[in-house]
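Asker: I have a structure here, written as structure tokens, and I will follow up with some questions on it.
The values are calculated or read from the model by the stated rules, or taken from the named source; none is laboratory data. From a predicted model like this one, the values you see are computed outputs, not experimental measurements. FYI the Cβ positions are ideal-geometry reconstructions off the backbone, even for glycines, and counts take in every protein chain you see.
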Amino acid sequence: ATASMHPSPPPEGHSDETVHGVTNTVVGVLGGGQLGKMLCQAASQMGVRMAILDPLEDCPASSVCHEHVVGSFNDGATVSEFAKRCGVLTVEIEHVDAVTLEKLEKQGIDCEPKASTIMIIQDKYRQKTHFSKFGIPLPDFVEVDTLSSIEKAGEMFGYPLMVKSKRLAYDGRGNAVAHDKKELSSVVASLGGFEHGLYVERWTSFVKELSVIVARSRDGSTVCYPVVETIHKDNICHVVEAPAEVPDKIKKLATNVAEKAIKSLEGAGVFAVELFLTQDNQVLLNEVAPRPHNSGHHTIESCYTSQYEQHLRAILGLPLGDPSMKAPASIMYNILGEDEGEAGFTQAHQLIERALDISGASVHWYAKPEIRKQRKMGHITIVGPSKYSVKARLDKLLQRDAYDPK
Ligand code: ATP
Ligand code: MG
Ligand code: MG
């Protein structure tokens, strides 16, 4: 097993003995999407009080939190006001007003993870620069701000060339691929031009995408969840297989890269490290999320301590739980919006009904107010006695002959 059940010792200078306790602190969360909702569900079980800041009146977390403040997590005054009611402030999305978080920290507000971490991560170029300074293996990357600089990068890295927005990226929105030099200007235009900040990455023809969730307590000690494989469709995470089917030495390498990356960032909580496994058995870091992550949904049913409970334990200064799997295998399937409106709901509901008939399947419906194409609407996790059986059950659920998530 690569899940480390025994926390690694805290690095020097990271010690923070604050313990908030379970019932006497309000946890404030910036964002009330599905990740916020599942955090609240874990909190409810433990008796932790949750306040959510989200602009949407009927956001997914609104039905399960103690308090929902309707407002923007990007507005400084709103975030500062919200912070007053919270003992500790955390995030379920990195695209928040990190400058305000930094000010609040200086005023003594407890933010976990730290504002510095959110600031590094919310700008993917800054994130890559940061990790390269710490010797973390990455695809080659370079900032581009003019047509001539991106052409130069194309000559350097070759094609296809991955062009990325520095900020506000999620579900592949913010990424575009140029197949040759002629496509560069239209690709740049599709990302809104150079004004908002772009950079490029060398194309990685990976054999698999892997993910490792690392939890860090306030004192700096860490535990790692088992390595999983993430399978994307049109840049969106579609299926997660736990554990990943890779040799033990790859699991060790992936876990080491992930842990090293997280140790370079400040603050407590869970962090997801997205990785590429290359043909020549290198593990490269794609990006980090400073919060619970899609690749860790399966932990609710398949691990002793879910990533959501773990995040709460970490930020509250409670002991970290056991991240290892209590079932031999699990598979998570994201329910993505197919059609808009009623037709989309009908399709999703049919899938959910079929899932209810499958052994080991658990349904999570986020109850988003609207259904949109390619939007994450819910997920289904199937836990079972072997990789073969959970895949076969997913095939049955999807009414297809053989396992082919693409
Ligand atoms: P997320 O929803 O995970 O936040 P994102 O919008 O931040 O996604 P990335 O993680 O940068 O986007 O990329 C999305 C997907 O695109 C990756 O999971 C991978 O499949 C593919 N991808 C990203 N970078 C590269 C690269 N350099 N070479 C090849 N494929 C890549
Ligand atoms: Mg991202
Ligand atoms: Mg990603």
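Asker: Looking only at segment 237-282, count how many residues are more than 16 Å from ligand 2 (Cβ to nearest atom) and either more than 30 Å from E102 (Cβ to Cβ) or at pLDDT below 95 (or both).
Answerer: Going through segment 237-282 one residue at a time, the tally reaches 23.
Asker: Separate question: Tell me which residues, restricted to segment 240-294, are within 16 Å of ligand 1 (Cβ to nearest atom) and among the β-branched types (V, I, T).
Answerer: The answer is V240, V257, V270, V273, T278, V283, V288.
Asker: Please indicate, with yes or no, whether at least one residue in segment 155-162 is within 16 Å of ligand 3 (Cβ to nearest atom), more than 17 Å from Y125 (Cβ to Cβ) and within 22 Å of the chain's Cα centre (by Cα). Spell out the reasoning first.
Answerer: Of segment 155-162, the ones within 16 Å of ligand 3 (Cβ to nearest atom) are 162.
Going one step further and asking which of them are more than 17 Å from Y125 (Cβ to Cβ), we end up with none.
No, because not a single residue in segment 155-162 is within 16 Å of ligand 3 (Cβ to nearest atom), more than 17 Å from Y125 (Cβ to Cβ) and within 22 Å of the chain's Cα centre (by Cα).
Asker: Also, I was wondering about something else. Is it true that S389 is surrounded by 15 or more Cβ atoms within 10 Å (Cβ to Cβ) and either without any contact (Cβ under 8 Å) to a residue 24 or more places away in the chain or out of contact with any strand residue (DSSP E or B) (no Cβ under 6 Å at 6 or more places or on another chain) (or both)? It would help to see each step written out before you state the result.
Answerer: Numbers: surrounded by 15 or more Cβ atoms within 10 Å (Cβ to Cβ): yes; either without any contact (Cβ under 8 Å) to a residue 24 or more places away in the chain or out of contact with any strand residue (DSSP E or B) (no Cβ under 6 Å at 6 or more places or on another chain) (or both): yes.
When the stated conditions are applied, S389 passes them.
Asker: Just give me the residues in segment 165-205 being touching a Phe, Trp or Tyr at 6+ places or on another chain (Cβ under 6 Å) and within 16 Å of ligand 2 (Cβ to nearest atom), in sequence order.
Answerer: K166, Y199, E201, T204
Asker: For segment 196-208, which positions are β-branched (V, I, T) and either near ligand 1 (Cβ under 8 Å from one of its atoms) or closer than 15 Å to Y125 by Cβ (or both)? Reasoning before the result, please.
Answerer: Taking segment 196-208 as the starting set, the residues that turn out to be β-branched (V, I, T) are 200, 204, 207.
Within segment 196-208, V200, T204 qualify.
Asker: Quick one: in segment 208-238, of everything that is touching a Leu at 6+ places or on another chain (Cβ under 6 Å) and among the aliphatic types (A, V, I, L, M), which residue is farthest from ligand 3 (Cβ to nearest atom)?
Answerer: Looking at residues that are touching a Leu at 6+ places or on another chain (Cβ under 6 Å) and among the aliphatic types (A, V, I, L, M), I get V223.
Asker: Now, a different point. Report yes if D180 is over 17 Å from the mean Cα position of the chain (by Cα), among the charged types (D, E, K, R) and under 23 Å from C40 (Cβ atoms), otherwise no.
Answerer: no
Asker: Going through segment 126-152 one residue at a time, which ones are crowded, with 18+ Cβ neighbours inside 10 Å and either in contact with a Phe, Trp or Tyr (Cβ under 8 Å, 6 or more places away or on another chain) or closer than 29 Å to I262 by Cα (or both)?
Answerer: Keep residues of segment 126-152 that are crowded, with 18+ Cβ neighbours inside 10 Å, which gives 127-128, 130-131, 136, 138-139, 141, 144, 150.
Q127, K128, H130, F131, I136, L138, P139, F141, V144 - these are the residues of segment 126-152 that are crowded, with 18+ Cβ neighbours inside 10 Å and either in contact with a Phe, Trp or Tyr (Cβ under 8 Å, 6 or more places away or on another chain) or closer than 29 Å to I262 by Cα (or both).
Asker: Check I93 against each of (1) in a helix (DSSP H, G or I); (2) touching a residue at least 60 places away in the same chain (Cβ under 8 Å); (3) of a type in the set (A, V, I, L, M) and name the one condition it does not meet.
Answerer: Unmet condition: (1).
Asker: With respect to M119, is the statement that it is under 19 Å from A98 (Cα atoms), more than 16 Å from ligand 3 (Cβ to nearest atom) and not in a loop (DSSP other than H, G, I, E, B) true? Full working, then the answer.
Answerer: Details: under 19 Å from A98 (Cα atoms): yes; more than 16 Å from ligand 3 (Cβ to nearest atom): yes; not in a loop (DSSP other than H, G, I, E, B): yes.
For M119, the condition - under 19 Å from A98 (Cα atoms), more than 16 Å from ligand 3 (Cβ to nearest atom) and not in a loop (DSSP other than H, G, I, E, B) - is met.
Asker: Could you name every one of the strands (runs of 3 or more DSSP E) located completely within segment 252-371 that has at least 3 residues being within 16 Å of the chain's Cα centre (by Cα), within 16 Å of ligand 3 (Cβ to nearest atom) and not β-branched (V, I, T)? Walk me through how you get there before you give the answer.
Answerer: Numbers: elements: 269-278, 283-289, 329-336, 361-365.
In segment 252-371, the matching strands (runs of 3 or more DSSP E) lie at 269-278, 283-289.
Asker: Another question, then. For segment 199-226, give me each residue that is surrounded by fewer than 24 Cβ atoms within 10 Å (Cβ to Cβ) and of a type in the set (A, V, I, L, M, F, W, C).
Answerer: W203, F206, V207
Asker: For L184, state whether it is more than 16 Å from ligand 3 (Cβ to nearest atom), under 27 Å from Q374 (Cα atoms) and surrounded by 14 or more Cβ atoms within 10 Å (Cβ to Cβ). If you could, list the steps in order and put the result at the bottom.
Answerer: On the way: more than 16 Å from ligand 3 (Cβ to nearest atom): yes; under 27 Å from Q374 (Cα atoms): yes; surrounded by 14 or more Cβ atoms within 10 Å (Cβ to Cβ): yes.
Criteria met by L184.
Asker: Within segment 1-45, track down each residue that is at pLDDT below 95, out of contact with any strand residue (DSSP E or B) (no Cβ under 9 Å at 6 or more places or on another chain) and among the aliphatic types (A, V, I, L, M).
Answerer: Listed by number, the residues that qualify are V19, V22.
Asker: Exactly one condition in (1) closer than 26 Å to V48 by Cα; (2) surrounded by 19 or more Cβ atoms within 10 Å (Cβ to Cβ) is false for P319; which is it?
Answerer: (2)
Asker: Further question: Just one of (1) at pLDDT 95 or above; (2) within 14 Å of ligand 3 (Cβ to nearest atom) trips up G174, so point out which.
Answerer: The single condition G174 does not satisfy is (1).
Asker: Follow-up. Determine whether E229 is acidic (D, E), assigned to a loop (DSSP other than H, G, I, E, B) and out of contact with any His (no Cβ under 7 Å at 6 or more places or on another chain). Can you show your working first?
Answerer: Details: acidic (D, E): yes; assigned to a loop (DSSP other than H, G, I, E, B): no; out of contact with any His (no Cβ under 7 Å at 6 or more places or on another chain): yes.
Considered against the rule, which asks whether it is acidic (D, E), assigned to a loop (DSSP other than H, G, I, E, B) and out of contact with any His (no Cβ under 7 Å at 6 or more places or on another chain), E229 comes out as no.
Asker: Looking at this structure, is R167 in contact (Cβ under 8 Å) with a residue 40 or more places away in the chain, over 22 Å from H311 (Cβ atoms) and surrounded by fewer than 22 Cβ atoms within 10 Å (Cβ to Cβ)? First the steps, then the outcome.
Answerer: Details: in contact (Cβ under 8 Å) with a residue 40 or more places away in the chain: yes; over 22 Å from H311 (Cβ atoms): yes; surrounded by fewer than 22 Cβ atoms within 10 Å (Cβ to Cβ): yes.
Judged against the criteria, R167 is a match.
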